[in-house]
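To keep things clear, I will list the structure first and then write my remarks on it.
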Amino acid sequence: MPLLDGLQVVSSKIHGYGVITTRPYSQGEIVCYGDGVLYPGDAEFDDTYALILPEEDSGTGEVVFWDLVCQTRWFNHSCDPNTDVMAKWDHEANTVRAWWVAIRDIPVGEEITYDYAFIADVAEPCRCGAVTCRGLIVDDDPANLAKLPDHLRAQLRGPARVAS
Ligand SMILES: C[S@@+](CC[C@H](N)C(=O)[O-])C[C@H]1O[C@@H](n2cnc3c(N)ncnc32)[C@H](O)[C@@H]1O
Ligand SMILES: [Zn+2]
């Protein structure tokens, strides 16, 4: 597939590779559509770069992974993100469609981020640098936070720590 216009993969201040903008985006604008490859939920593969669709949202009635294969693969997480990811099942094409929408104006050179909201089982320390950083890449729903192992719960910050 061709490279996504307006985006550039760089070495990130947050983690590893990240993606910055080469043009400004306005709040509400679609930043890009992703491209991916489908895997069933029980597949043995490295899901680091995959979006997950729960069974109720997937056309197969089962959990599916959509392994990102374009620049979106390198989008990092932030607890104060500048985009939201939307993902839905396309019944005609029998696959996932996903796109990222700017949730505020994004200037040239800013890193594109979204909130991964990981379940507790796969939570990781967060280095997003936001004032409101939760300390972990994790969904801050109290029921999810309650499932964190003690060594990770100790790294929570701010309201997420109080809610856990
Ligand atoms: C889809 S990859 C993002 C690209 C990644 N930077 C790389 O170079 O491979 C997701 C992984 O990047 C890392 N990552 C993303 N955002 C992060 C953050 N805010 N803090 C720490 N690690 C992060 C985590 O290890 C996460 O599982
Ligand atoms: Zn953070």
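Of all residues in region 1-48, those satisfying the criterion of being within 16 Å of ligand 2 (Cβ to nearest atom) and closer than 13 Å to TRP74 by Cβ are SER12, ILE14, HIS15, GLY16, GLY18. Cβ-Cβ contacts under 6 Å between residues 6 or more apart (or on different chains), taken from a first residue in region 123-146 that is closer than 17 Å to PRO81 by Cα and among the polar types (S, T, N, Q) to a second residue that is near ligand 2 (Cβ under 8 Å from one of its atoms) and assigned to a loop (DSSP other than H, G, I, E, B), are listed as THR132/CYS79; THR132/ASP80.
If I filter region 96-129 down to residues being part of a loop (DSSP other than H, G, I, E, B) and over 15 Å from the mean Cα position of the chain (by Cα), which single residue comes out as nearest to ligand 2 (Cβ to nearest atom)? If we take residues in region 96-129 being part of a loop (DSSP other than H, G, I, E, B) and over 15 Å from the mean Cα position of the chain (by Cα), then GLY129 is nearest to ligand 2 (Cβ to nearest atom). Of all the criteria given as (1) touching a helix residue (DSSP H, G or I) at 6+ places or on another chain (Cβ under 8 Å); (2) away from ligand 2 (no atom under 16 Å from the Cβ); (3) assigned to a strand (DSSP E or B), the one not satisfied by ARG73 is (3). Of all the numbered requirements in (1) small (Gly, Ala, Ser); (2) loosely packed, with under 14 Cβ neighbours inside 10 Å; (3) within 16 Å of the chain's Cα centre (by Cα), ALA93 misses one, and that requirement is (3).
Any residue at all in region 130-145 that's among the acidic types (Asp, Glu) and more than 11 Å from ligand 2 (Cβ to nearest atom)? Yes, some residue in region 130-145 is among the acidic types (Asp, Glu) and more than 11 Å from ligand 2 (Cβ to nearest atom). Being buried (at least 20 other Cβ atoms within 10 Å of the Cβ) and of a type in the set (D, E, K, R) holds for only one residue in ARG134, ARG153, ARG127, ARG73, and it is ARG134. Which one is nearest to ligand 1 (Cβ to nearest atom) among residues in region 119-156 that are acidic (Asp, Glu) and closer than 25 Å to PRO54 by Cβ? Result: GLU124.
FYI, it's all coordinate maths here, none of it is from the lab. Owing to the predicted nature of the structure, the values given are computational and were not obtained by experimental measurement. Cβ sites come from the backbone with ideal geometry, for glycine too, and all protein chains shown count toward neighbours.
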